[in-house]
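Only one structure is covered here, and it is reproduced in the block below.
Values quoted throughout were computed directly from the atomic coordinates according to the rules given, and no laboratory measurement underlies them. The structure displayed is predicted, hence computed values, not measured ones. Using ideal geometry, Cβ is built from the backbone for each residue, glycine included, and neighbour counts are taken over all protein chains shown.
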Amino acid sequence: MLHHLINKHRLAHGWSRAEMARQLHVTRSHISAIENGTRNPSPELLVKMTKLFTWSVSDWIDLYLISGPSPLNLCRLAEHLLDYGLTEPAETVAQTALHMSRSQYDGRYNSYVYHALGKIHVKKQDFQSAYFWFSQMLAALTRTPISFRKAIALYNCGLTAALAGHDHVASLHFIRKARNIFEELNRQKEYQLSWYTEGQVLLELHNYHEAWMAFNVVHDLRDHPSLGYEVQLGQLICRWAIHGPETVLTAMKRLQRATTSFPNLQGRLLHNLGVLYRQTGNLTDAEITIRDALTMHRMPSTRQYAASLAEKCLIEGLSEKWDQAAKTYEKFRCLTHQRDILDFATMATLGRIHRWPRLQDEPMLSLRIGDNYERRFSAAWQLLIRFF
């Protein structure tokens, strides 16, 4: 039984119940009740024990299932595992919850399980699958009247649709419907977040004036400093696109220095700063900054990493460092995840200059591909013209 396993591992570590309770931030009587079998550990506490004992989830999951948790408790367990970075075990637990909900509870908990699976796939950067699960969640709530959970399903459908590269207009439709519910329920945090997300989608649509207005609605983010910095970045990008790179270079440097404690944001800021240096003719600082951006991107499977590789290759081409550019091009060519069409077109254009091996599914090169504020594809096209 699970309580015997917990007792065995505590004794193996030489801890008293009081010592173990202190490390888990619970009372000694709480540990006693668990080890005596009169109380089951909560999903959160079970995940803390997994980290404390350096367990594998497979060590205890079967014993936990024998204790008869509901699909709702399994969803909570999956989300706690996800919070601790245990993505694969979280997905296994969520799939178990889905099977249990469908086979034993007539689908009563399906929407909760779909939500957990959607979050897991967002963590895995698999936005296509995440969109599928959030769409399933929304479908399961079709007959539900206006509720916070329905708004969350709508919001997440909009967010993941945009991240997966689906129709951005449809994405905006989801986000706006969610925001109407958040406003009606007076959920100010989520209401503000929906405006920020709308701004990001509008950036993808190159609609910089409306994006600027969306970002300007967002305020009072004292409890979310990283999101506040993200909003500032969005505002700077809009000003950059509308008024030119020279108008934001100093402000971008200042924002980059202010956010050194947010590594995920640092990668994006360094990338944008490198692009600004390139657009203002400072290729030396551009190359250094983009190289720093690549080291900050924690996951090479992201579109941002691919964008930084494309920018690095362009800068090396503009600096006539073609041997280095060829190596960067090959790294980009070996990426297997989804890449932005503009970055794809940029690299295909650069590849034509020296007849490098073609990219898989290489797009047709055309100036009709609408460039964005980074002007990377346009710069690559001008470089191609210069050579031929």
Debye equation applied to the C-alpha atoms of the stretch 231-388, log10 I(q)/I(0) at 0.14 Å⁻¹: -0.66
Debye intensity ratio in log₁₀ form over the Cα atoms of the stretch 221-298, taken at each q of 0.21, 0.23, 0.25, 0.27 Å⁻¹: -0.92, -1.07, -1.21, -1.33
Cα-centred dipole magnitude for the stretch 105-201, charges only on beta-carbon of K, R (+1) and D, E (-1), debye, nearest 20: 220 debye
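Among the listed pairs 150/177; 124/189; 51/123; 8/48; 253/327, give every one whose C-alpha distance is greater than 21 Å.
Details: 150/177 10 Å; 124/189 25 Å; 51/123 19 Å; 8/48 16 Å; 253/327 29 Å.
Distance filter (> 21 Å) returns 124/189; 253/327.
Need one number for the chain: average projected area of the convex hull over its C-alpha atoms, nm². Don't skip to the answer; put the middle values down first.
Numbers: hull surface 91.4 nm².
Hull-based average projected area comes out at 22.8 nm².
Going by C-beta contacts inside 10 Å, put 59, 167, 371 in order with the fewest on the left.
Listing 59, 167, 371 from fewest to most nearby Cβ atoms yields 167, 59, 371.
Exposure proxy check: 47, 122, 217 ranked by fewest other beta carbons within 10 Å? Please list the in-between numbers first.
Numbers: 47 25, 122 20, 217 14.
Neighbour counts put them in this order, fewest first: 217, 122, 47.
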Diffusion coefficient, µm² s⁻¹, Stokes-Einstein with Kirkwood Rh over alpha-carbon pairs of the stretch 1-89 at 25 °C and 0.890 mPa s: 186 µm²/s
Calculated FRET efficiency for the pair residue 16/residue 123, C-beta based, R₀ 30 Å, to 0.05: 0.25
Fewest-first ranking of 296, 347, 252, using other Cβ atoms within 10 Å as the exposure measure: 296, 252, 347
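Rounded to the nearest 500 deg cm²/dmol, what is the calculated helix-only ellipticity per residue at 222 nm for the chain, with -39500 (n - 2.57) per DSSP H run of length n ≥ 4?
When only DSSP H runs of four or more count, the value is -22500 deg cm²/dmol.
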Extension gain from residue 23 to residue 322, taking 0.36 nm per residue of separation minus the Cα-Cα distance: 102.1 nm
Coil-residue trypsin sites (Lys or Arg not before Pro) of the stretch 123-221, DSSP, other Cβ within 10 Å capped at 12: 143
In the stretch 249-304, the trypsin sites (Lys or Arg not before Pro) that fall in loop regions by DSSP, at most 12 other Cβ within 10 Å: 298
Cleavage-rule hits, GluC sites (Glu not before Pro), the stretch 228-322, DSSP coil, Cβ neighbours within 10 Å at most 13: 320
Cα long-axis angle, helix 110-123 against the chain (0 to 90 degrees, to the nearest 10): 50 degrees
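Under unit Cβ charges (Lys, Arg +1; Asp, Glu -1), what dipole magnitude, rounded to 20 debye, does the chain have relative to its Cα centre?
Using only the charged Cβ atoms, the result is roughly 440 debye.
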